[in-house]
Amino acid sequence: MARRGVEIMIAELAVAEATDAALDGVESYLKHADSDLVRTKLAHAIDLEFEKKVAWATGNPYVAALQDEAHRYFRAVWEAEKIMPHSADVRSAQHWEILASLRARDSKRAVELMTAHLDAQGLGNNPSN
């Protein structure tokens with residue numbers, strides 16, 4: 001629930017505030033992540049870095065700092081509980097869909113996709129996440 005609140009708020013804010021240039025930066029990251037041969041070994045890093053790029057795209061450093069702090073706690077819980085996300089290919093496809101919704105300025109779709117992304121990892125409904 002906590003992660004859902006943070007990441008969905010950021011997605012909504014990105015729809016409203018992110019510039020095309022900022023979203024180009026998110027896209028550049030996704031292209032790089034897709035070409036990284038060791039990405040499947042990065043566990044949560046791919047997701048957290050994508051979400052971090054979206055937060056910075058909002059142009060709000062306070063939101064990005066809040067998310068950064070929350071990510072520290074989320075990562076600690078995931079590692080302690082040995083929670084692993086879906087494959088890098090699945091997560092990458094989800095990230096590309098989320099980016100498309102941000103570019104389309106479709107807040108409803110961005111929320112739906114981010115929610116599905118979190119739920120697919122088994123992280124959306126757990127109160128500790």
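Derivation of every value follows stated rules applied to the coordinates shown; laboratory data play no part. These numbers come from a predicted model, not from an experiment. Don't worry about glycine lacking a Cβ; one is built from the backbone with ideal geometry, like all the others, and counts go over all protein chains shown.
Please work out which one of (1) within 15 Å of the chain's Cα centre (by Cα); (2) closer than 25 Å to Ala16 by Cβ; (3) touching a residue at least 24 places away in the same chain (Cβ under 8 Å) is the condition Ala88 fails and give its number.
(2)
State whether the residues of the range 80-89 include one that is surrounded by fewer than 19 Cβ atoms within 10 Å (Cβ to Cβ) and closer than 15 Å to Gly5 by Cα.
Taking every residue of the range 80-89 in turn, none turns out to be surrounded by fewer than 19 Cβ atoms within 10 Å (Cβ to Cβ) and closer than 15 Å to Gly5 by Cα.
Take Leu66 and decide whether it is part of a helix (DSSP H, G or I) and farther than 22 Å from His32 by Cβ. Break it down into steps so the answer makes sense when it comes.
Working: part of a helix (DSSP H, G or I): yes; farther than 22 Å from His32 by Cβ: yes.
When the stated conditions are applied, Leu66 passes them.
Looking at (1) in contact (Cβ under 8 Å) with a residue 12 or more places away in the chain; (2) of a type outside the set (Ser, Thr, Tyr); (3) under 20 Å from Asp119 (Cα atoms); (4) surrounded by fewer than 19 Cβ atoms within 10 Å (Cβ to Cβ), which is the one condition that is false for Asn60?
(3)
Hey, any hits in the range 44-54 for a residue that's free of Cβ contacts under 8 Å to residues at least 12 places away in the same chain, part of a helix (DSSP H, G or I), surrounded by 12 or more Cβ atoms within 10 Å (Cβ to Cβ) and of a type outside the set (Lys, Arg)? Write out each step before concluding.
Initial filter on the range 44-54 (free of Cβ contacts under 8 Å to residues at least 12 places away in the same chain): 45.
Next cut, part of a helix (DSSP H, G or I) only: 45.
Subset that is surrounded by 12 or more Cβ atoms within 10 Å (Cβ to Cβ): 45.
This time we only want the ones that are of a type outside the set (Lys, Arg), so: 45.
Yes, the range 44-54 contains at least one residue that is free of Cβ contacts under 8 Å to residues at least 12 places away in the same chain, part of a helix (DSSP H, G or I), surrounded by 12 or more Cβ atoms within 10 Å (Cβ to Cβ) and of a type outside the set (Lys, Arg).
So for the range 94-106 (the condition being among the hydroxyl-bearing types (Ser, Thr, Tyr), more than 14 Å from Glu7 (Cα to Cα) and buried (at least 19 other Cβ atoms within 10 Å of the Cβ)), does at least one residue qualify?
Just the residues of the range 94-106 that are among the hydroxyl-bearing types (Ser, Thr, Tyr), to begin with: 101.
Add one more test, that the residue is more than 14 Å from Glu7 (Cα to Cα), and what stays is 101.
Now drop any that are not buried (at least 19 other Cβ atoms within 10 Å of the Cβ), which leaves 101.
Yes, the range 94-106 contains a residue that is among the hydroxyl-bearing types (Ser, Thr, Tyr), more than 14 Å from Glu7 (Cα to Cα) and buried (at least 19 other Cβ atoms within 10 Å of the Cβ).
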